[in-house]
Every structure is written in structure tokens, then in C-alpha cells.
Amino acid sequence: MVLEKYLILNKYFLSLFGVKEFKELQEKLRDTQVGVDSEGRTYFVNVLRSLEGLKIKENLLLKYDENIQNYVKKINYAREPVVLKYFQYLAVLFSEIFFDNIKNRKREFLEEINEFLKKYGEEEKIDIINELKFNEEDFKKIAFWMATGSGKTLIMHINYYQFFHYNLFSPDNIILITPNLGLSKQHYEELQKSGIPARLYSEGISGGREKEVLVIEITKFVEEKKGGGVTLPVETFEGKNLIFVDEGHKGKKLEEQKWARLRNELSREGFVLEYSATFGQILNKKNKETLKEYAKAIIFDYSYKYFYLDGYGKDFSILNIKNLSQIGKEEFQETMFIANLLSYYEQLLIYEKEKERIKDYNLEKPLWIFVGTTVISKKNKSKPTEEEKETISDVLQIVKFIKKVIEEENWLKENINKILNGETSLKNEDNEDIFKERFKYIRNKNYDLDDIYEKIFNGKGRFSLLEIKNAEGEIGLRTGENEYFGVINIGDVTGFKKELEKEGIEVGQDVISISLFDNIKKEDSKINILIGSKKFIEGWDTWRVSSMGLL
């Protein structure tokens with residue numbers, strides 16, 4: 001299934017620029033200079049106004065360009081000046097055209113989209129598309145499918161200013177819905193930088209400032225209030241609401257269905273803007289109604305394939321290992337873990353050497369991340385299988401590796417030397433060590449084991465884990481009395497502590513420190529390692545992910 005073919009709203013907006021596929025605009029704009037010319041126009045709009053088949057009047061396009069520049073000035077209120085990249089500019093331009101049309105020429109706009117839809121359906125001959133028809137209710141929601149790291153947050157803030165520029169209606173409530181508390185805090189800080197009044201739900205829901213955004217996790221909403229607690233029934237926010245949704249569909253299938261109902265109820269009389277990097281995971285022919293909904297809602301598609309083609313994203317390599325079945329599982333995992341450690345250490349060395357040059361590319365200190373699919377062992381199930389009985393938590397496994405690296409220095413040194421000297425058991429089809437061509441920077445520098453401990457673990461000493469009592473779901477990792485070098489973020493700390501105790505690993509308590517996770521993005525942060533579940537990690541990895549461990 002080629003999902004892009006179903007995105008009717010997006011296809012309509014592409015047609016306004018005389019193209020059928022996004023890659024046509026990508027090829028024309030990706031190398032275009034950012035910024036403005038001597039006449040105060042962006043270089044992007046100069047390219048767009050020269051396109052054959054352009055269906056937007058030039059004077060209107062230039063007006064949109066002027067508006068976009070004004071929005072950018074507003075979001076630069078208290079941040080390092082942002083200059084939009086071409087795909088960010090297009091995302092904002094598409095929404096600018098949309099807002100203008102539904103405000104000033106809604107009926108004509110509706111007719112034009114349905115006329116396009118009819119012709120497109122005849123050309124593509126796709127059943128679901130031929131079943132679609134836009135109505136005014138469909139103009140109450142737009143969605144942006146954009147890869148993680150492509151600037152969805154900035155787009156959201158500009159959309160906020162666009163909405164009020166066109167004054168579609170006066171919202172009774174403005175709500176930003178997030179997947180979790182960590183994302184809520186991040187959004188709150190970013191909104192302030194963009195000059196947008198905001199408040200976290202933890203601060204209460206009454207007495208807000210004019211046009212203030214309430215930032216709240218989707219998990220705080222319920223369809224019907226039962227008992228006490230921190231949840232809110234959706235009826236708390238009656239009236240016309242302006243809703244922003246960040247990755248609101250994440251979760252288990254049943255959760256997604258419930259959350260979709262809650263979002264729809266909140267925005268029933270208002271307007272919703274949704275942002276996600278993972279629409280592709282929920283849109284398919286089996287879920288026909290959801291596919292239809294987002295076919296009419298996704299206005300801009302800059303999903304990962306476009307992101308990657310522009311040179312962003314993560315490069316990866318595939319290691320073909322000969323006779324893997326003959327290598328012990330423990331030996332393989334430990335070798336790969338230490339290789340991953342060396343990869344991270346190498347990045348730290350290069351970062352320190354090129355620190356000033358790197359600033360020009362907005363790159364920050366690397367962060368070593370481990371993503372676990374499970375946190376608590378499946379053997380706690382009432383009727384576990386034999387295979388599940390042998391399964392331990394992914395996160396626990398990572399903790400045990402880290403503990404061994406810290407406590408067994410000679411073992412670490414021996415295995416590092418094997419990797420750097422090409423003496424591991426992991427061979428390719430030519431019987432060469434798979435690490436033969438890797439870690440050249442470390443080899444040339446003549447690595448220092450003490451430096452590895454200092455840079456990654458903030459020094460040597462007894463390995464310890466401490467529950468951070470002032471931060472929900474956090475366990476800090478440190479050596480001796482040194483600063484914390486890592487943080488685990490999980491939902492069930494109590495259950496995880498029991499798993500650790502079974503392995504003879506105790507967890508102490510820290511009643512003084514504040515959230516380690518919140519400090520990760522600070523320039524002087526000493527946190528190098530983050531361990532968490534996939535659900536927790538995915539939302540915030542626009543910060544500084546440079547090395548990821550997958551076990």
C-alpha cells in the first residue's frame with residue numbers, strides 16, 4: 001500500500017504548485033538559499049512564484065510570504081533566531097493557504113477540493129478515494145505527518161499565530177495534548193520561548209491568561225469522572241476549543257481508540273491540529289474509517305523517507321556475521337555492548353575536538369540511548385511460557401552490562417583490545433573481524449581507559465542506583481560520589497526494583513535531587529546515558545540523540 005496516494009488534502013495542496021509528488025518540490029527547493037533577498041522576500045517564495053502550473057496568484061503568494069516572516073519573528077521571541085528550512089516553510093505555507101481559504105472563501109474552497117478529488121479518484125482508481133467527499137466539518141482538523149527532528153514544534157507554534165491572525169473563532173479553551181509528562185514539560189518551555197502564554201495542567205486549569213495554552217497529557221482525560229485523582233472528564237472543557245495534539249495516537253490499540261474518542265469530543269465544536277511522525281503505523285486498509293479521516297486531514301507529508309533523502313536522520317550499517325549460531329549469546333551481546341560503548345566514546349572525543357565548529361550545525365553533546373521493549377520481566381505473568389520464564393527485562397539487562405563495565409575494569413580493557421585489534425569472534429564472510437575498519441579515530445589517538453570512565457561514567461567508583469523521589473519514574477545511575485551519569489525512566493519503579501533485587505542489585509533513595517531527565521538538555525548536563533521504554537523515548541528524541549543502543 002502506497003500510503004501517500006491516499007492523502008487527498010496533501011495532494012490538493014501540491015496541485016496548487018503544479019506538481020503531483022512532494023519530491024518535485026523537494027528537488028526544486030532543497031538547495032535553495034534560506035533567508036530573504038534584498039526586497040525582503042524569502043528565496044523560497046521566489047522559486048515557487050516561478051513554477052509552471054502555479055495556481056496561486058503571485059500577489060497572494062507574496063502576502064503569504066510576508067505573513068510567514070512575521071510569524072517567524074514572533075517565535076524568535078526568546079530563542080536563538082530560527083530560520084525555516086524549505087520543508088518547514090512549505091508546511092507553514094500550506095496551512096497559511098488553508099486558514100485563508102476557510103476564513104475568506106470556504107464555499108469555493110470546498111468546491112475546488114471536491115472537484116480535485118473527483119478527478120484524482122478517476123485517475124488513481126482507488127476504491128476508498130472514490131468513497132470520499134469533503135464537507136465543511138472536514139475543515140475542523142488538519143494534521144502534519146513530519147519525521148522526528150524536522151521541527152514539528154516550531155510548526156505548531158507558527159500554526160498558533162496563524163490561527164489568531166485569521167481569527168477563525170475565539171476559543172473557549174486552548175489545549176495542547178501530549179503523550180506524557182516529560183513531553184508536557186518540554187512543550188511548556190518551548191512555548192515560552194516562542195512568546196506563547198502557557199500553563200502546565202499541574203498548575204491548575206482556572207484563571208488562565210488570554211490566549212493561554214494549557215499543556216496536558218492525554219492520560220489525564222477520562223470520558224466519565226470516577227472518584228478522586230488527577231484525571232479530568234472531557235466535559236470540563238465545553239465550548240469551542242482550539243486543540244493541538246502531539247503524537248496523540250500512541251499507545252495500545254484500545255488506548256488509541258479511547259483517546260481518539262476523547263480528542264474528537266474535545267474538538268467537536270472547535271478546531272484541531274495534529275502532529276505526528278508515525279501516522280504510517282496507524283493508517284492501513286484494515287482500519288478503513290481512520291484511513292478516510294486522515295486522508296482528508298493530513299495537509300503536509302514530510303515523513304521519514306523525505307527527511308532521510310534530505311540528509312537528515314540516522315545512518316546505519318548492517319553487519320553480516322559468519323557462523324553467528326556458533327558464538328555464545330552472552331559473548332555476542334557483551335561484544336556488541338562494548339563496541340557500542342566505543343562508538344559513543346569516539347563521538348564524545350570528536351565532539352570535544354570540534355566543539356566550536358559543531359555549533360554552526362546546531363549539534364549538541366551526544367547522548368547514549370537504550371530503548372527497551374519491556375521494563376518488567378514477562379515471567380511475572382500468571383501463566384508464563386517456558387520461553388517467558390527465561391526472559392528478563394531489556395532494561396535490567398542493560399543495567400547489568402553497565403554494572404559489569406564499571407566494576408570489572410580488566411574485563412573491559414581485555415574486550416576493548418580485542419575489538420581494536422580485530423581479534424573478536426565476530427567475522428564477516430571473508431573471515432575478517434567485523435570491526436576491522438571501525439574506531440580508527442580511537443586507534444590513532446591511543447585510547448586511555450581512565451578517560452573512558454571519566455567521559456562516560458563521570459569517573460570510577462562503586463556502581464549505584466538511586467530512586468529520584470522528586471521525579472516520577474526516575475532512577476539515577478552513578479559511580480561513587482560522582483555526579484549522575486545516567487537515568488532510567490520507567491512507569492513501574494516498584495516492580496523494576498523487585499527485578500533488580502532478584503539479581504542482587506539494590507536501589508537506594510535520593511530525596512534531594514530534582515529530575516535528572518529535565519536536566520538532560522542543559523548545556524552543562526553530566527548525563528550521558530538514558531534508558532527507557534520505546535513509548536517514553538520516542539517523544540523527545542529531537543534533543544540530542546547521537547548513539548543508540550539496541551539490545
**Request:** Taking all protein chains together and a probe of 1.4 Å, list Y43, Y345 from the most accessible to the least accessible.
**Result:** Y43, Y345
**Asked** Using θ = phi - 60° and the Karplus curve 6.51 cos²θ - 1.76 cosθ + 1.60, what whole-Hz ³J(HN,Hα) does each residue of the range 478-489 get, with Gly and Pro shown as x?
**Response** 7, 10, x, 9, 5, 5, 4, 9, x, 9, 9, 10
**Prompt:** To the nearest 10 square angstrom, how much accessible area does E112 have with a 1.4 angstrom probe?
**Reply:** 70
**Fill in**
Reduced to Cα centres, the span from the range 402-423 to the range 475-522 in Å works out to 24
**Request:** Determine Rg/Rh for the range 95-180; Rg is computed over alpha-carbon atoms and Rh is the Kirkwood hydrodynamic estimate from the same atoms.
**Result:** 1.03
**Item:** Qualifying trypsin sites (Lys or Arg not before Pro) in the range 457-539, DSSP loop, other Cβ atoms within 10 Å at most 11
**Value:** R462, K522
**Request:** Could you tell me the distance between the Cα centroids of the range 111-155 and the range 26-77, to the nearest Å?
**Result:** 23
**Asked** What relative contact order, as a whole-number percentage, does the range 18-79 give when Cα pairs under 8 Å and 6 or more residues apart are counted?
**Response** 27
**Item:** Heavy atoms of D172: accessible area, 1.4 Å probe, square angstrom to 10
**Value:** 100
**Item:** Eligible aspartates and glutamates near K436 by straight Cα distance, threshold 16 Å, same-chain separation 8 or greater
**Value:** E346, E423
**Request:** Could you tell me what % of all Cα pairs in the range 54-94 have separations over 12 Å?
**Result:** 63
**Of K23/K73; K63/K359; K57/K85; K74/K292; K74/K185; K141/K359, pairs whose Cα-Cα distance is over 26 Å** = K23/K73; K63/K359; K74/K292; K141/K359
**Asked** To the nearest 10 square angstrom, what accessible area does K359 show with a 1.4 Å probe?
**Response** 110
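The values are calculated or read from the model by the stated rules, or taken from the named source; none is laboratory data. The shown structure was predicted, so the numbers you read here are calculated from the model rather than taken from an experiment. With ideal geometry, Cβ positions are generated from the backbone for all residues, glycine too; neighbour counts draw on all protein chains shown. The protein model used for the area step is the full one, side chains on, heavy atoms only, and it has no ligands, DNA or RNA in it. Shrake-Rupley method; radii C 1.70, N 1.55, O 1.52, S 1.80 Å.
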